[in-house]
Each structure stands twice: as C-alpha cells, then as structure tokens.
Amino acid sequence: DGWQLDLDKLFDACDERTKAIFIASPSNPTGWLMEPDQQKAVLEFCRKRAIWIIADEVYHRIVYDRPVAPSFLSITDPEDALYVVHSMSKAWCMTGWRCGWLVHPADLGDRMGDLSGINNTGSTSFVQHAAAVALRDGEEFVAMGIERCRRARDIVHQRLGGHSRVTLAAPKAAFYAFPEIAGLKDDLAFAKTLVREHRVGLAPGSAFGPDNERFLRLCFAKSEAQLSEAMDRIEAGLAML
C-alpha cells in the first residue's frame with residue numbers, strides 16, 4: 001500500500017514540550033500524501049493541545065490520482081494555529097527564483113512581515129511579477145508538467161518496481177521515487193558507485209533521516225528517453241551488488 005503515517009506514534013511522541021507538528025504532504029522523498037481523514041485527526045489533536053501545525057504543501061499541484069493534494073486549508077478555520085507553506089518552485093518550475101508564500105492567521109501578518117524583512121529582505125519585485133503571471137496564465141503549463149511526470153513515474157515504477165531486489169510503491173504525488181534495495185548496507189557508497197561507474201545520480205536514503213540506509217531517492221522529472229537510459233544504468237549497478 002506504499003508509505004503510511006502512523007498517527008498513534010506521532011501523537012504518542014507529543015508531550016507538554018511540543019509546540020508544533022510539521023507535515024510535509026505531498027512528500028519528498030517518498031511521494032506520499034496525507035489523506036483528509038488523517039488531516040482531520042491531526043487538526044483535532046492539535047486543537048485540543050494548542051499545538052501549531054506547519055504544513056509544507058509545495059507539491060500540492062503535482063498529484064496523479066486527483067486534481068490536487070488534500071490541504072489543511074480546506075478543513076481549518078481562519079483562527080486555527082496553522083501555517084501552510086507554498087512555493088513557485090515545483091508546479092511552475094521556478095526553482096532558484098526564491099518565491100513562495102505562507103498562509104497564516106491574519107493577526108500574525110505584521111510579525112511575519114517583519115521576520116521576512118529581517119531574514120531575507122523579501123522576494124525581488126520582478127520575480128513577484130513573474131509569479132503573478134505564472135499563477136494567472138500557467139495552468140496549461142502545469143497540466144503538461146503533471147502529465148509528463150505521470151509518464152515518467154510509470155517508467156520508473158515499471159522498471160525498478162519489477163526488479164527482484166527492489167521494493168517500490170508507485171508514488172502518489174511529487175516527482176520522486178524512494179526504492180528500497182534488498183541487501184544494501186551502505187547507501188552513500190552505492191550512490192557514489194552509481195555516479196562514478198554508471199554516470200547516474202541518486203541521493204542516498206540516509207540523507208533524509210535515520211533508518212533509511214536501504215533506500216535511494218530518484219528524481220524522475222526528466223524526459224522519457226533520459227529515464228529509460230537511467231534505468232538501464234541503475235539496473236547495471238544493481239547487478240554489481
């Protein structure tokens with residue numbers, strides 16, 4: 001069934017010191033997304049304990065089984081203790097332009113403005129104008145990108161998911177796959193070997209937290225021809241394990 005969040009473990013980890021719960025959905029590196037019933041459970045839990053929710057929803061548009069990913073904004077009230085983070089970097093491919101937005105309770109506007117001014121002096125004006133155009137006129141571009149990623153995801157899932165040493169659920173969102181490699185003991189060393197000997201780059205799973213040494217992260221936001229070649233090279237690397 002792919003990646004799942006254990007809400008009981010999440011809630012048990014919270015105590016009187018807990019000030020916020022961070023949820024990244026859709027997720028990098030797994031392609032997991034949080035379903036509405038889990039969002040409602042987290043919201044109810046946080047409301048009772050005065051815990052903030054920080055929701056990273058930057059891959060909100062890049063979803064393969066519905067128009068958009070579920071959002072905490074659809075179930076919360078304006079005064080709820082919620083931050084929602086968005087970016088132009090993903091669906092609109094404006095990576096490096098350093099432009100995004102934050103949805104928060106209205107009474108925090110002045111303080112967030114002060115913090116932004118001190119921290120990064122704000123986004124430059126021409127980038128903001130470009131973002132406005134992308135939001136207004138970019139729907140065809142976004143739809144084209146999602147369909148391209150869908151085809152790419154299917155190539156990766158069919159090729160790696162069918163490999164005898166690989167366990168891989170089809171990502172539901174974003175443009176990453178996080179395959180588990182049977183027998184892999186040093187993910188960083190193997191990632192270096194793939195680059196050095198097979199000229200293909202994957203990120204080691206351990207870069208994304210503990211207990212991920214059996215995993216590698218693959219970004220499939222590439223052309224079908226590039227991905228087919230990459231699959232050949234990865235399979236050649238797996239044959240050497």
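The values are calculated or read from the model by the stated rules, or taken from the named source; none is laboratory data. Note that the coordinates shown come from a computational prediction; the quantities given were computed from them, not determined experimentally. Reconstructed Cβ throughout: ideal geometry from the backbone, glycine too, with neighbour counts over all protein chains shown.
Observations on the structure shown:
- The residue that is surrounded by the most Cβ atoms within 10 Å (Cβ to Cβ), among those in segment 153-189 that are under 16 Å from the mean Cα position of the chain (by Cα) and of a type in the set (A, V, I, L, M, F, W, C), is ALA174.
- Considering residues of segment 112-132 that are in contact (Cβ under 8 Å) with a residue 12 or more places away in the chain and in a helix (DSSP H, G or I) only, the residue surrounded by the fewest Cβ atoms within 10 Å (Cβ to Cβ): GLN128
- For segment 88-126, a residue qualifies if it is over 23 Å from ALA143 (Cβ atoms) and under 23 Å from the mean Cα position of the chain (by Cα), and the qualifying residues are ARG98, LEU102, VAL103, HIS104, SER123.
- Restricting segment 1-57 to residues that are hydroxyl-bearing (Ser, Thr, Tyr) and in contact (Cβ under 8 Å) with a residue 40 or more places away in the chain, the residue that is nearest to THR76 (Cα to Cα): SER25
- Being under 19 Å from LEU5 (Cα atoms), at pLDDT 95 or above and among the β-branched types (Val, Ile, Thr) is a property that does not hold for ILE62.
- Pairs with Cβ under 7 Å, 6+ apart, first in segment 151-165 and over 13 Å from GLU180 (Cβ atoms), second of a type in the set (A, V, I, L, M) and outside any helix (DSSP H, G or I): ALA152/ALA221; ARG153/ALA170; VAL156/ALA177; VAL156/LEU218; HIS157/LEU168; HIS157/ALA170
- Count of segment 1-46 residues which are β-branched (Val, Ile, Thr) and either modelled with pLDDT under 95 or within 25 Å of ILE146 (Cα to Cα) (or both): 2
- Residue count for segment 191-211, restricted to those that are under 21 Å from the mean Cα position of the chain (by Cα) and at pLDDT 95 or above: 9.
- The residues of segment 76-97 that are part of a loop (DSSP other than H, G, I, E, B) and either within 14 Å of ALA134 (Cα to Cα) or in contact with a helix residue (DSSP H, G or I) (Cβ under 6 Å, 6 or more places away or on another chain) (or both), listed by number, are MET88, SER89, LYS90, ALA91, TRP92, CYS93, MET94, THR95, TRP97.
- Unique residue being assigned to a helix (DSSP H, G or I) and either in contact with a Lys or Arg (Cβ under 7 Å, 6 or more places away or on another chain) or at pLDDT 95 or above (or both) when the list is ALA230, ALA170, ALA221: ALA230
- Residues in segment 99-139 that are more than 20 Å from GLU79 (Cα to Cα) and touching a strand residue (DSSP E or B) at 6+ places or on another chain (Cβ under 6 Å): GLY100 alone.
- Of all residues in segment 59-75, those that are part of a loop (DSSP other than H, G, I, E, B), surrounded by fewer than 18 Cβ atoms within 10 Å (Cβ to Cβ), in contact with a strand residue (DSSP E or B) (Cβ under 9 Å, 6 or more places away or on another chain) and aliphatic (A, V, I, L, M) total 0.
- Checked against the criterion of being out of contact with any Lys or Arg (no Cβ under 8 Å at 6 or more places or on another chain) and in a helix (DSSP H, G or I), the candidates LEU102, LEU135 yield just one match: LEU135.
- Complete set of residues in segment 146-167 that are part of a loop (DSSP other than H, G, I, E, B) and out of contact with any Gly (no Cβ under 8 Å at 6 or more places or on another chain): GLY162, HIS163, SER164
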